[in-house]
Amino acid sequence: MGADIPLNSRSLWSTFLLASAAVLLLRRLTKRPRRLSNVPKADERVLILGASAGIGREIARQYSSRGAKVCVVGRREHLLAELVNECKVLGHDVLALTGDVASADDMIRVRSALETEWNGLDTVILSAGVSALQPIMSVAGIENQENATTLRDIDSEGVNRVVSITEAAVRGNFVGPMVVAVTFIPLLTRTSKAPSILQISSLGAVVPAATRALYGSTKAASLVLYQALASEHPSISFSFVLPATVEGSFRASAVDQSTVREGDPNKSGLKLSHVARRCITAVDNAEKIVFMPSWMRIAHWLYWLRPALIEPMTRAKYHFHPKI
């Protein structure tokens, strides 16, 4: 069998195996001690941004259940109120504040409340963000582009529409994380024995996918931003969780008001409870990068080694079949 494998494929496979072994060894050598020895569960002060629904909401439930001090922030007040009541039924109080992560005034108001209530902060969970589901040319106004081999020129109205929707995506997925970092990093450094920031990113931030150009690029920008901040602030443990499709209604936040192309995420997506539990574990163990499912790390590597292999897979996942 080995004699039938082309030399270039054999070399690619060897490179992949060596890279895998190197990453696993590096993770073992650089794994930091468990954080709970410095910040016990009952003493941990946790801020969850984007807690109205989805992963952030489930993380709030789980942190509250284990006795942490929890502050939830979101734009939808009625959903926050429901979450507070759910936690009260379990015997736990939760601090709820309405706010937009991209608003400096809102985030400074949240920071002031935490200093007053808790005298500081230990953990920031950034779960806020917006989705975008259309191919860029569809955003510009070209219909049925999959059935055409050539495309018409985009008029000024179409270009401006793309700019407007891009600005909305950038505000939600990049400006928001920037505001959060600038607002809360100093507080973390002053008031926590083991400060931690967890960013919930996306597999789409590292594996470019058809129909996800706008979403993936803005999530990638904020991921690189926080990875650079991790280098600038080594006293803070930064963790990055990159899940594939997750169940829930996140796609309803699409800034391009598109229908969902993929299969029903509530049938095939990762379970919210599992993703939330994995996020908390990543914070506890000071893990750096977490792919979900874990084997999706391979897709990231393969994209850089052989992008032509991954690109058709993303088109198939999102039912995008352009003529060639």
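Quick check on my filter: what residues within the range 103-135 are under 23 Å from residue 218 (Cα atoms) and either among the acidic types (Asp, Glu) or surrounded by fewer than 20 Cβ atoms within 10 Å (Cβ to Cβ) (or both)?
Correct list: 103, 104, 105, 106.
With respect to residue 183, determine if the residue is in a loop (DSSP other than H, G, I, E, B) and either on the phi > 0 side of the Ramachandran plot or of a type in the set (Val, Ile, Thr) (or both).
For residue 183, the condition - in a loop (DSSP other than H, G, I, E, B) and either on the phi > 0 side of the Ramachandran plot or of a type in the set (Val, Ile, Thr) (or both) - is not met.
For residue 112, state whether it is under 30 Å from residue 211 (Cα atoms) and small (Gly, Ala, Ser).
No.
Hey, could you check the range 186-204 for residues that are in a helix (DSSP H, G or I), out of contact with any strand residue (DSSP E or B) (no Cβ under 6 Å at 6 or more places or on another chain) and not hydroxyl-bearing (Ser, Thr, Tyr) and say which is modelled with the lowest pLDDT?
Ranking the qualifying residues of the range 186-204, first place goes to 204.
Tell me whether the range 205-216 contains one or more residues that are in contact (Cβ under 8 Å) with a residue 12 or more places away in the chain, among the hydroxyl-bearing types (Ser, Thr, Tyr) and in a helix (DSSP H, G or I).
yes
Taking the stated definitions as given, is residue 239 among the hydroxyl-bearing types (Ser, Thr, Tyr), in a strand (DSSP E or B), under 24 Å from residue 287 (Cβ atoms) and in contact with a strand residue (DSSP E or B) (Cβ under 8 Å, 6 or more places away or on another chain)?
Here the answer is yes, as residue 239 does meet what is asked.
Of 47, 79, 83, which residue is modelled with pLDDT of 90 or more, within 22 Å of the chain's Cα centre (by Cα), assigned to a helix (DSSP H, G or I) and within 23 Å of residue 104 (Cα to Cα)?
79
Sort out which residues of the range 117-167 are more than 29 Å from the chain's Cα centre (by Cα) and either hydroxyl-bearing (Ser, Thr, Tyr) or closer than 27 Å to residue 191 by Cα (or both), and write them in order of number.
149, 150, 156
When the range 73-106 is examined, which residues are found to be touching a residue at least 40 places away in the same chain (Cβ under 8 Å) and of a type in the set (Asp, Glu)?
The answer is 100, and nothing else.
Here are some residues: 276, 244. Which one is modelled with pLDDT of 90 or more and either surrounded by fewer than 18 Cβ atoms within 10 Å (Cβ to Cβ) or within 21 Å of residue 314 (Cα to Cα) (or both)?
Only one candidate passes the filter, namely 244.
Quick check on the range 254-272. Is at least one of its residues among the hydroxyl-bearing types (Ser, Thr, Tyr), at pLDDT 95 or above, out of contact with any Pro (no Cβ under 7 Å at 6 or more places or on another chain) and not in a helix (DSSP H, G or I)?
No, every residue in the range 254-272 fails to be among the hydroxyl-bearing types (Ser, Thr, Tyr), at pLDDT 95 or above, out of contact with any Pro (no Cβ under 7 Å at 6 or more places or on another chain) and not in a helix (DSSP H, G or I).
The values are calculated or read from the model by the stated rules, or taken from the named source; none is laboratory data. Just so it is clear, the model here is predicted, and its values are computed rather than measured. Glycine also receives a Cβ, built like all others from the backbone with ideal geometry; neighbour counts cover every protein chain displayed.
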